[in-house]
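One structure below.
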Amino acid sequence: MLRCPVERIERTQQGHFRLVTGGEAPGAITCANLVLCAGLHVSKLAATLAYGGEYRPPETFYAKGQYYALSGRSPFKRHIYPLPDGAWLGLHATVDIGGRCKFGPDIEWIPGLDYSFVPEKLDKFLDFVRSYYPGLDATRLHPDYTGISTWMLSVYTASRLKGRTDAEAKQAVEGAIRQSEEWRLKHPDQR
């Protein structure tokens, strides 16, 4: 429902879910089955529901990535994916259907939603991209956009689906974070 934010989720005595909504026309929606598809806000929404036992929904770990676009003709006809580095796929080159080339994303762990672009990261971009495209002319690059991913939730969920405990799944998330380039750069003594 458009512009109908869910403020919390309750359980009824019959075992149904009751979504209490706010916005311009507050109300409630009741259903027997519920699938949470709240994207970047799913952990926050899931935390409003009371669970049996000691279960708590996993925390969302936000990974922000920014992209630079290349002006002019693309030097590539296909996507270029360097070898993955731990939990990060690296700064790859993608070519859209219009032939436009962009490089990214980098990865930065952030505590909340922040789509700001940090142009000071250009040198780091250049170093990485030149590892597979040495002829890159930096004057052809310009900031394109940033995106935020919650893929760490996928690491947690995959671990739980494999039968691991909550603590083991959280360790898997921590391990994936520690494998990222950003973590290694900020914590060189903890390799």
Next item on the list: Report, by residue number, each residue of the range 110-137 that is under 15 Å from Tyr67 (Cβ atoms) and in a helix (DSSP H, G or I).
Entry: Pro119, Lys121, Leu122, Lys124, Phe125, Leu126, Phe128, Val129
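Results for (1) polar (S, T, N, Q); (2) in a loop (DSSP other than H, G, I, E, B), shown as yes or no for each residue.
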{"position": "Cys4", "(1), (2)": "no, yes"}
{"position": "Glu7", "(1), (2)": "no, no"}
{"position": "Gln14", "(1), (2)": "yes, yes"}
{"position": "Leu19", "(1), (2)": "no, no"}
{"position": "Gly23", "(1), (2)": "no, yes"}
{"position": "Thr30", "(1), (2)": "yes, no"}
{"position": "Ser43", "(1), (2)": "yes, no"}
{"position": "Leu49", "(1), (2)": "no, yes"}
Checklist line | Selection status of Gly65, exposed (fewer than 14 other Cβ atoms within 10 Å of the Cβ) and small (Gly, Ala, Ser) | finding: no
Item checked: Residue ID - surrounded by the fewest Cβ atoms within 10 Å (Cβ to Cβ), chosen from residues in the range 154-191 that are polar (S, T, N, Q) and at pLDDT 75 or above -> Thr165
Note to self: Quick test for you: out of Arg100, Arg78, Arg56, pick the one residue that is over 30 Å from Tyr132 (Cα atoms), among the basic types (Lys, Arg) and out of contact with any Gly (no Cβ under 9 Å at 6 or more places or on another chain).
What the structure shows: Arg56
Margin query: Taking the condition of being of a type in the set (A, V, I, L, M), surrounded by 17 or more Cβ atoms within 10 Å (Cβ to Cβ) and at pLDDT below 90, how many residues in the range 81-126 meet it?
Written below: 3
Check: What's the number of the condition Lys77 fails, among (1) over 30 Å from Phe125 (Cβ atoms); (2) surrounded by fewer than 10 Cβ atoms within 10 Å (Cβ to Cβ)?
Finding: (1)
Item checked: Residue ID - nearest to the chain's Cα centre (by Cα), chosen from residues in the range 119-148 that are of a type in the set (Ser, Thr, Tyr) and more than 18 Å from Tyr81 (Cα to Cα) -> Thr146
Next item on the list: Consider Leu36 carefully, then state whether it is modelled with pLDDT under 90, assigned to a loop (DSSP other than H, G, I, E, B), hydrophobic (A, V, I, L, M, F, W, C) and in contact with a helix residue (DSSP H, G or I) (Cβ under 9 Å, 6 or more places away or on another chain).
Entry: yes
Margin query: If Asp106 meets every condition in (1) touching a strand residue (DSSP E or B) at 6+ places or on another chain (Cβ under 7 Å); (2) assigned to a loop (DSSP other than H, G, I, E, B); (3) over 30 Å from Ser43 (Cβ atoms) apart from one, which number is that one?
Written below: (3)
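The values are calculated or read from the model by the stated rules, or taken from the named source; none is laboratory data. Model, not experiment: these values are computed from the prediction. Note that each Cβ is placed from the backbone with ideal geometry, even for glycine, and that neighbours are counted across all protein chains shown.
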